[in-house]
1. Which of the residues spanning the range C:12-21 are within 9 Å of chain D (Cβ to nearest Cβ) and under 29 Å from the mean Cα position of the chain (by Cα)?
2. Kindly indicate whether any position in the range C:165-184 is without any contact (Cβ under 8 Å) to a residue 12 or more places away in the chain, within 22 Å of the chain's Cα centre (by Cα) and at negative phi.
3. Can you tell me which condition residue C:92 does not meet? The list is (1) touching a residue at least 60 places away in the same chain (Cβ under 8 Å); (2) open to solvent by less than 20 Å² (accessible area, probe 1.4 Å); (3) within 13 Å of another protein chain (Cβ to nearest Cβ), and all the others hold.
4. Which of the residues that make up the range D:125-139 are closer than 30 Å to residue B:249 by Cβ and in a loop (DSSP other than H, G, I, E, B)?
5. Is there any pair linking a residue in the range D:29-46 that is within 8 Å of chain C (Cβ to nearest Cβ) and open to solvent by less than 40 Å² (accessible area, probe 1.4 Å) to one that is part of a loop (DSSP other than H, G, I, E, B) and acidic (Asp, Glu), with Cβ under 7 Å and at least six apart or on different chains, and which?
6. Among the residues of the range A:199-211, count how many are in a loop (DSSP other than H, G, I, E, B) and more than 9 Å from chain D (Cβ to nearest Cβ).
7. From the set of residues in the range A:221-234 that are in contact with a Pro (Cβ under 9 Å, 6 or more places away or on another chain) and more than 10 Å from chain D (Cβ to nearest Cβ), which is modelled with the lowest pLDDT?
There are 4 protein chains.
Amino acid sequence: MVPPDTATLLIHCPDQPGLVHDVTGFLFSHGGNLMDLQQHIDPLENVFFMRVEWSLENFTLDKSEIEPRFALLGKRHQMTWKLSFQSQRARVALFISKESHCLYDLLSRHESGELPVEIPLIISNHDTLRSAAERFGIPFHHFPITKENKAAQERAQLELLKENRVDTIVLARYMQIISEQMIGDYPNDIINIHHSFLPAFVGAKPYHQAYERGVKIIGATSHYVTASLDQGPIIHQDVMRVSHEDSVADLVRLGKDLEKTVLAKAVWWHVMNKVLVYHNKTVVFS
Amino acid sequence: MVPPDTATLLIHCPDQPGLVHDVTGFLFSHGGNLMDLQQHIDPLENVFFMRVEWSLENFTLDKSEIEPRFALLGKRHQMTWKLSFQSQRARVALFISKESHCLYDLLSRHESGELPVEIPLIISNHDTLRSAAERFGIPFHHFPITKENKAAQERAQLELLKENRVDTIVLARYMQIISEQMIGDYPNDIINIHHSFLPAFVGAKPYHQAYERGVKIIGATSHYVTASLDQGPIIHQDVMRVSHEDSVADLVRLGKDLEKTVLAKAVWWHVMNKVLVYHNKTVVFS
Amino acid sequence: MVPPDTATLLIHCPDQPGLVHDVTGFLFSHGGNLMDLQQHIDPLENVFFMRVEWSLENFTLDKSEIEPRFALLGKRHQMTWKLSFQSQRARVALFISKESHCLYDLLSRHESGELPVEIPLIISNHDTLRSAAERFGIPFHHFPITKENKAAQERAQLELLKENRVDTIVLARYMQIISEQMIGDYPNDIINIHHSFLPAFVGAKPYHQAYERGVKIIGATSHYVTASLDQGPIIHQDVMRVSHEDSVADLVRLGKDLEKTVLAKAVWWHVMNKVLVYHNKTVVFS
Amino acid sequence: MVPPDTATLLIHCPDQPGLVHDVTGFLFSHGGNLMDLQQHIDPLENVFFMRVEWSLENFTLDKSEIEPRFALLGKRHQMTWKLSFQSQRARVALFISKESHCLYDLLSRHESGELPVEIPLIISNHDTLRSAAERFGIPFHHFPITKENKAAQERAQLELLKENRVDTIVLARYMQIISEQMIGDYPNDIINIHHSFLPAFVGAKPYHQAYERGVKIIGATSHYVTASLDQGPIIHQDVMRVSHEDSVADLVRLGKDLEKTVLAKAVWWHVMNKVLVYHNKTVVFS
């Protein structure tokens, strides 16, 4: 038996009394039964954030009617809002290079149904992991990148993404900087995994930097990609204890477990419509 | 400048559509501005849980009127609910034995203002920590317990608690079993710290048990005291990695850091009215 | 360039002065350069534990001579000891059922070279994951188990294991109880992953048990299999915070990340000859 | 019964075969029974590190003879080494400002005997915590610091430290920069707690910086003080998960638990002679 579909609204707007009452009133008046409601107020910025998910089982509005009807309420409160349906799966493109751990981790979560997304294609700047991708039945596209062809290759990638109606890009240890063009086309929809506890150790070779500094804990950070390298809104982070016994090679090996679990959790929250971006920070309704 | 007072409602009741709308409607209609709203639905039990905190700054109902007015709404939805005010501090009795780490930790949080409670008295079955208590200016009462005098001593303790209008009892490594009488007088208001990751290692000498079993992680658990030893609703738990290098004495020493931080956090959530008990489990709106 | 081979000795014996000096003297006298030396003394049992790894680059004894020569020293100190060479990879059989997360995790670590073992075969009591196994090029053997055929099937499994010269069995969420016969043939060489923080929640459906008890942290435990269910020596454990928001299904989903990383780490330590078992506990020279 | 005294050697030198054998030979030849031996090799720098602790119960050398005798061996291998005795307690000065959490935490560990040190004095640039210090019977010295008097006050502090034969300085949230003079007099003997996960958020107001960046985890770092602010060798770090719900005030409150436990553990390792500094990094034989 397929469970009935649900709808989710992610909202932020200037705070004022009665917002929760108004939104729940809208849903209640059309027979919507709340499954999850979370709200948060940023008292410094005076901003109201809300996530509400409700069952469509007895909802009296047609799915296509919700958006125009809610728009009236949204406009009244100057809301920025996004409506999504659980049945409408995210279409995710994986960008990879030569490292397989995040790739296999995401593909196995996808295959088992744990990660409810479509993965229409995998893009890589190396041919190394073609067989890994194809083994899971996902089309693999090799875009070798050089200084000269980078702009052209990105245009070709963007075309391919659009053909495949991709709405989310996951950089699963893709070792190339994304152009502002692509970032602009996918605002807050490109998720990266950086192999350090940001903001420590931005840029290249973070495990080497961590080793040099002699830290006792290493980390990984998943964030939305913005035009500033490793500076985008942080979605999730996790860490692991290390010691003087651990060489750089050990940190690289150990860190993989962080990278894959942190990235997978960030992707899961994103596709479950639990993440809201505001002022280079995230509200994660986890 | 003292910030304006806030009121908090903790609610649970059978789930049905419109509950959030009704509660927020009640608050909104009297000018209450929401500061925090969290709700949770247990889909197996079909129970609705909610915590809502609002500012009393422009609230048009007098504090004394809120309870009778809300009672009507509560009755309609078969709610179990509890109203509290931030300005009305919990009155906490600390029960201790010979170990000082939880005691000092709570007293220093109290003194710095981090833990917003009154501590009218400390009760101990040993005289060991009298000077520790008195150094912080808290009256110390010594109730030596023997098999013979236990019932009488507990009656005397209860009397003392009532004289001091104590509403919350914190067992800060008190090594005595609490009588059903006292538990009945303070239902879900007696907080204990057990020095293991419950339900592992109930009863006496949990660090010895942990050592014997060869676990790689030790823990501490803070829970409400019920008539079943170490079986009450869990409020908070935390753990720490250990190894074969650690003797029982090491586990005892290391575990103290867990015990004091886990207990302090549980007490904090309790006195901030963030904990709701249902069917031997807690909902912690942290 | 292949790095030169190393040898490892795992030793335990009654403690007495001069043991480290004697062992290092043996190695030094034959030109062995120590790469890692760890020792531990259990003061209660008065037992000495040691792991020493040295380079064979300039070692003057032939690999085949080490065992007979060291035996004299070992006998003198009543040592129980085990010699192994890094170049001699463990031959691991994976036992699985229907869940793929531990399987894919181990196979991808194997493929990338992170886990330096041979995996000559995969055994399952269900046919569900045949294609998953075969996709990675590992022979898959289906042994359906019923009450009636269990003994016969295990005999056939054992034969197959011996044909493939398997020395280590990894139960990667294999949902069958292993016979005492197989345990006897692979003493301290069968590694299981149990999806709870042992000794809490032994036996079936640990996540359901955890949900019922209302714990705030869940765990996973990797241990050697002994005749007592879930009672064998613990190799590794890890935990994760959960809340009242998490349903049993959430615990099952979240716990998979613990299970796969805990199992992988236990297997890694085992095949790197870093684990020593003594009195139902492990010494992990991590 | 007082346990017999132990001696500890911390050693580092260029790596070469036979070092462990030589050191254990020295101890064995004088009847020393090893209680703990740990060694580590930095393969990049080709440096050997070792900590060895042995019982003096049947040791045939007098305590005063160990140093001159071992010096011969040390010189032969170009060792840098330090000998210490467990019976010889570190003499620790606490430097504080206005925050009490680290102070109370260290004083209560000291009083209970958990932290085996002498604390002859407390120094503060504010008078705020005088009664806190005096309540525990420790002399409190107030040194108000201004731009003008800073140099003179530090000279007076140094004199006081020497009068009290202080060998270790613990900056328990002391909000002043230490002069190079004092650092030079106490090389690798001044321990600071910084309220961030270094190298993230150096300098002032790290919790504000963490809030601004929107990190999902906060940390604390204990390190030796060097002339470069917040850049000294890291001894210990720990972290804690936070969320968008947490204001700066919440981070400040929550972080205190990290600060006090991280600092206390770093001090414990230091006074137990478990920390060795090399090239701005630590080897912690924990």
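The values are calculated or read from the model by the stated rules, or taken from the named source; none is laboratory data. Note that the structure is predicted; figures quoted are calculated from it, not measured. Methodologically, a virtual Cβ is constructed for each residue, glycine included, from the backbone with ideal geometry; neighbour enumeration extends over all protein chains shown. What goes into the accessible areas is simple: the full protein's heavy atoms, side chains included, and nothing from ligands, DNA or RNA. Shrake-Rupley method; radii C 1.70, N 1.55, O 1.52, S 1.80 Å.
1. C:15, C:19, C:20
2. yes
3. The single condition residue C:92 does not satisfy is (3).
4. D:136, D:137, D:138 - these are the residues of the range D:125-139 that are closer than 30 Å to residue B:249 by Cβ and in a loop (DSSP other than H, G, I, E, B).
5. Hits for this filter: D:41/D:15.
6. Residues flagged as in a loop (DSSP other than H, G, I, E, B) and more than 9 Å from chain D (Cβ to nearest Cβ) within the range A:199-211 amount to 4.
7. Applying the filter and picking the extreme gives A:230.
Matching residues to (1) over 18 Å from residue C:239 (Cβ atoms); (2) open to solvent by less than 10 Å² (accessible area, probe 1.4 Å); (3) at pLDDT 95 or above; (4) in contact with a Gly (Cβ under 8 Å, 6 or more places away or on another chain):
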position	(1), (2), (3), (4)
C:151	yes, no, no, no
C:158	yes, no, yes, no
C:168	yes, yes, yes, no
C:175	yes, no, no, no
C:183	yes, no, yes, no
C:189	yes, no, yes, no
C:200	no, yes, yes, yes
C:210	no, yes, yes, no
